[in-house]
Amino acid sequence: MEVTDIGNKEEGKVWHRKPTAGKSVLVTVVRTTHQAKTVRFLHVAFDTTGDSFLAGDHHGNIYVFDITRNRFRLVQKTGQACTALAFSLRRTTEFLVALADYTIKCFDKDTKQLVSWMRGHEGAVSSISVHSSGRYAITTSSDTAQLWDLDTFHRKRKLNIRQSVGIQRVFFLPLSNTILSCFSDDSIFAWESDTLFCKYQLPVPDCGPKISYKAFAVTRDGKSLAAGGRSNLLHLWCLDSKQLVRVIQMPTQVRTVRQLEFLPDSFDGGASQTLGVLSQDGVMRFINIHNCKLLFHMGSHDDAITTVAVSPNGRHVVAIMDNGSINIYSVQSLTQELNKPPPSQVAVVSGGEADQDSSNLKVKVRSEVIQRPAKSSGRRTQVKILRPPAGSTADDKENDLPAGLNKKRLVAMLKAFGEYPAKYRMFVWRSLLCLPENHAAYSSLTDKGLHSAYLTLHDKYPIKSHKLQRGLQRVLSALAHWAAIFGEAEYLPLIAFPFVKLFQNNPMLCFEVVATVIVNWCQHWFEYFPNPPLNILSMVENVLAHHDKELLQHLVDCGITSQLYVWPLLETLFSEVLTRDEWLRLFDNIFSNHPSFLLMACVAYITCCREPLLLCSQKQDFEYFFHHRNNLDVGAMIKEAYRLMGSTPADIHPRTMLSDFTALTKGQYPVFNHYPEFIVEYQSREREKIRLQEMEYLRERQEVSALRADFVRRQAEEEAYYAQQELLQKAEEQRRNILAQEEEKLTQQRAKLAAMKRELKVKELQLLDATKRRFLKHQQDLRASQVRRLEQEISKKMDLRERETAAAVQDLEVRQMELEAQRRRLEQHLFKEQERMGREVEEEVEMRMRRAEREEERFTELLQSTETNMQALEESLAEACQLGLESDWQREVAERLQQVDAEQERKRERLAELHRQTLAEEERLADTLRDVAGRKWDEVMSTRAQLQEQQQPSADTVFALCQTVRDRRG
């Protein structure tokens, strides 16, 4: 299984390696951001073709995944998570997305532009249903459903309900203008979309447990409804009969049904028989609603599924897993049960042998389909065989096809593998049929518009897909314009429909394929028109008589002609009795052989089914057998056809009566006139006459219906008017009587009310008086208590002030004592310094005196030893020296005395400064005492003013209070 991480890429490939055959999961798509965080995908929705789908993630990014082209592309960034997605059926490039802000936006996926913005819901939109015409859409939330016109994007209608009854889902039924609404009380109503008239209501089952419907699914033909909810039971409704036709019980593992989806089939005509049931365990189980058999399942407990979307063509299923990734499943690889023919209604009702045959058929088809994946390697080999050789001989030139292929090689490959590769089948067919691709000729036919014979084709051949309906109508109209016989042949739609479904995207090729088939394989079919081709039927009958006389004799004995056992196979080209894959395999061989191979295939089909045919004896049994799928091995049938081609005698071989293959010419299509023109023209004229008469009849009937409806409406309005007048008159009389009685009662009540008012007034006055007295007493008590509290507060404050004053005085006394002690210490210190300095001076003086005495003695000794003539000079010199020494000592003593005086002066200045600081402290203390006294007096005065305002006491009381305050302060 390949995993593709799209990351932040805006476009790219869905898978990088082609998925191998046989694998159910083609690819798993995840989205991770740069931080390696996984962004969860929330919702998916397929377009009408089923080849591409939308996917919205949690971040609001909308991607388109094209499975056939293997491409994905980011088409929008909404910025918020989506709650529902849907494609617009009319404009295929537009899509609707419901966002988390309760709005619905329409975007164009090609231009990425916002087309419209629709508002009106008050809750999250859970589903979007688009009408089959593409003009209207219904959006559903839990409390309301709204109908929108997609041409103008305006809201047309709004469905409101009671809050107690919630809406589960509201949606359009396919192929009709009916709206189906499902509510939480299990009630289901059908409404006309144009008038919103209630058409019917499905009866709620009385017996059995209540399911509480949560999931719903409708078949493509709009005839069957499946509903499930909080139970393992499923209810299957028939919308034509409005009855519950079946109750299906799921396995015990299923407790709640989350989602239901019908799986379409190519040849079921819209009546799907395979139903997918997604339960609470994350496993989606596909069951057959007719035999209640479990066919296959997707998902597991570990890899759970949260929601799924099924493509309209039934080829793919897209599932959002529990981890937020997307798994793309191939239905063909999931199971081969889908290719089985549907069980017949007769077999389902009776439950007899036909039912057993159907079960046996399922087993055989399953075994064949299971073996198909083993051929994948062979198919890859076919691609190599398809390559032309380097050189071709002249003998092979007649087998060379326009596309460069060789018919012999193709036939050899077909015989080896039984079929052409599915991928190249359409290319091989175009080459084998030598289609001219005449664009101009085809345009000239389509320009003529729709043929009158096929204007009402949808009434006789209803198809769910409008695209297929229009394609079939367009191809048949071109054939009718090409040749008049094709507007009269009633079986032509049966021949053309399989090719229309195969070439639905290329109508010109589809037309040329059908025209080539008619010209070559339908030779001589129209010679006996309007009867079946008796000549062709006789050829088949002759070949059957030659190869199986016993079976032909049995058919003759039962009164069964070739118109009953050959013509149903030819007029539908085996599309009713074969599945899609079987039909494609058969026509691979038909287109590769002579046109008579188709008739041999009819004989081979009959001979291969000879055993059940020999057991049939009733005509209705044969009719049912040749119009429904049967237990048949297509491979064996094709081998039998080849055997018959080679073993049939030439005189009865259809090859001798049918011409070889003839291709359409280039430029213009050939004239086709192999039919009785008179009968066709007569029928055409008669049909036109009948059509005109029918139109006139319808117009007259419409006018009569309108007149009758107008008359009935007027009559009903008149009767309703008179009935309404009578009812109004009776109602008026009743109202007058009621008014008189009410007035009498009102008078009595007014008298009682007046008495009650007087009594209440007296009681109110008494209550007011008592309340007033009580309030006055309360005020007096309150004021007395306030006075007491004020007195207590004043006394407390006075005591506090006295204690503070005493403490301040004590602090001042202590401070004064400290200053006095400091002054004494300074004086003592000063005296000690003076004494110390005096002693030092005295000691210095004594020491200098002693030194002077010693010097004097020394000089005296010198004088005595000096000569006599120098005595006078020496004496003078001694005196001078004596005078110098005395002056130096006196100067030094003076300096010492000056230093002592300066030190004493500094100490006196310091003492004076301390005295000044003491006086300043005393002054500040006195100011503080005065401020405290002033504030206490201001408080007393303010308290006095408050007492005067509240209680207004007498002057004596105020004077006494003030006197008390003064006394306490004194």
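The values are calculated or read from the model by the stated rules, or taken from the named source; none is laboratory data. These figures come from a predicted structure and were not determined experimentally. When we count neighbours, we look across all protein chains shown, and the Cβ atoms used for this are built from the backbone with ideal geometry, even at glycine. Accessible surface areas use protein heavy atoms only, side chains included; no ligands, DNA or RNA. Shrake-Rupley method; radii C 1.70, N 1.55, O 1.52, S 1.80 Å.
Within the stretch 611-668, take every residue that is within 24 Å of residue 418 (Cα to Cα), of a type in the set (D, E, K, R) and assigned to a loop (DSSP other than H, G, I, E, B) and give me the one that is least open to solvent (accessible area, probe 1.4 Å).
Out of the qualifying residues, it is 629.
In the stretch 272-310, which residues are touching a residue at least 40 places away in the same chain (Cβ under 8 Å), in a loop (DSSP other than H, G, I, E, B) and surrounded by fewer than 17 Cβ atoms within 10 Å (Cβ to Cβ)?
291, 292
Kindly provide the set of residues from the stretch 437-474 that are touching a residue at least 60 places away in the same chain (Cβ under 8 Å), assigned to a loop (DSSP other than H, G, I, E, B) and surrounded by 19 or more Cβ atoms within 10 Å (Cβ to Cβ), ordered by number.
Of everything in the stretch 437-474, those that are touching a residue at least 60 places away in the same chain (Cβ under 8 Å), assigned to a loop (DSSP other than H, G, I, E, B) and surrounded by 19 or more Cβ atoms within 10 Å (Cβ to Cβ) turn out to be 438, 463, 464, 465.
Kindly evaluate residue 569 against the criterion of being in a helix (DSSP H, G or I), at pLDDT 90 or above and touching a Lys or Arg at 6+ places or on another chain (Cβ under 7 Å).
no
Would it be correct to say that residue 76 is under 21 Å from the mean Cα position of the chain (by Cα), under 30 Å from residue 138 (Cα atoms), part of a strand (DSSP E or B) and free of Cβ contacts under 8 Å to residues at least 40 places away in the same chain?
yes
Could you list, in sequence order, the residues of the stretch 197-210 that are assigned to a strand (DSSP E or B) and aromatic (Phe, Trp, Tyr)?
Once the filter is applied, which keeps residues that are assigned to a strand (DSSP E or B) and aromatic (Phe, Trp, Tyr), the stretch 197-210 yields only 200.
Taking the criterion of being assigned to a helix (DSSP H, G or I), among the charged types (D, E, K, R) and within 55 Å of the chain's Cα centre (by Cα), would at least one residue in the stretch 718-727 satisfy it?
yes
Residue check, residue 425 against (1) modelled with pLDDT of 90 or more; (2) closer than 25 Å to residue 586 by Cα; (3) touching a Pro at 6+ places or on another chain (Cβ under 7 Å), all met but one. Which one?
All conditions pass for residue 425, except number (3).
How many residues are touching a helix residue (DSSP H, G or I) at 6+ places or on another chain (Cβ under 8 Å) and assigned to a helix (DSSP H, G or I) if we restrict to the stretch 535-549?
Residues meeting the conditions: 10.
(1) on the phi < 0 side of the Ramachandran plot; (2) out of contact with any helix residue (DSSP H, G or I) (no Cβ under 9 Å at 6 or more places or on another chain); (3) at pLDDT 90 or above: which one isn't true of residue 282, the others all being true?
(1)
Taking the stretch 211-252, which residues are in a loop (DSSP other than H, G, I, E, B), open to solvent by less than 50 Å² (accessible area, probe 1.4 Å) and closer than 23 Å to residue 312 by Cβ?
Across the stretch 211-252, the qualifying residues are 219, 220, 221, 222, 239.
What do you reckon, is residue 56 among the small types (Gly, Ala, Ser), surrounded by fewer than 21 Cβ atoms within 10 Å (Cβ to Cβ) and farther than 26 Å from residue 505 by Cα?
For residue 56, the condition - among the small types (Gly, Ala, Ser), surrounded by fewer than 21 Cβ atoms within 10 Å (Cβ to Cβ) and farther than 26 Å from residue 505 by Cα - is not met.
Name the residues in the stretch 137-158 that are of a type in the set (D, E, K, R) and either at positive phi or not in a loop (DSSP other than H, G, I, E, B) (or both), would you?
149, 155, 156, 157, 158
Could you tell me whether any residue of the stretch 87-101 is open to solvent by 50 Å² or more (accessible area, probe 1.4 Å) and within 21 Å of residue 194 (Cβ to Cβ)?
Taking every residue of the stretch 87-101 in turn, at least one turns out to be open to solvent by 50 Å² or more (accessible area, probe 1.4 Å) and within 21 Å of residue 194 (Cβ to Cβ).
Could you check, for the stretch 834-849, whether at least one of its residues is surrounded by 10 or more Cβ atoms within 10 Å (Cβ to Cβ) and in contact with a His (Cβ under 8 Å, 6 or more places away or on another chain)?
Scanning the stretch 834-849, I find no residue that is surrounded by 10 or more Cβ atoms within 10 Å (Cβ to Cβ) and in contact with a His (Cβ under 8 Å, 6 or more places away or on another chain), so the answer is no.
Among the residues that make up the stretch 518-527, is at least one of them closer than 27 Å to residue 621 by Cα and open to solvent by 30 Å² or more (accessible area, probe 1.4 Å)?
No.
Just wondering, is there one or more residues in the stretch 34-51 that are among the β-branched types (Val, Ile, Thr), open to solvent by less than 10 Å² (accessible area, probe 1.4 Å) and either under 15 Å from residue 323 (Cα atoms) or assigned to a loop (DSSP other than H, G, I, E, B) (or both)?
Among the residues of the stretch 34-51, at least one is among the β-branched types (Val, Ile, Thr), open to solvent by less than 10 Å² (accessible area, probe 1.4 Å) and either under 15 Å from residue 323 (Cα atoms) or assigned to a loop (DSSP other than H, G, I, E, B) (or both), which makes the answer yes.
Among the residues of the stretch 158-167, are any within 21 Å of the chain's Cα centre (by Cα) and modelled with pLDDT under 90?
Yes: the stretch 158-167 contains one or more residues that are within 21 Å of the chain's Cα centre (by Cα) and modelled with pLDDT under 90.
Would you point out which residue out of 819, 800, 782, 790 is at pLDDT 80 or above and either under 30 Å from residue 913 (Cβ atoms) or not in a helix (DSSP H, G or I) (or both)?
819
Take the stretch 28-41 and flag every residue that is modelled with pLDDT of 85 or more and out of contact with any His (no Cβ under 9 Å at 6 or more places or on another chain).
28, 29, 30, 32, 38 - these are the residues of the stretch 28-41 that are modelled with pLDDT of 85 or more and out of contact with any His (no Cβ under 9 Å at 6 or more places or on another chain).
Under the condition of being free of Cβ contacts under 8 Å to residues at least 40 places away in the same chain and of a type in the set (Val, Ile, Thr), which residue from the stretch 534-564 is surrounded by the fewest Cβ atoms within 10 Å (Cβ to Cβ)?
Filtering first and then ranking leaves 556.
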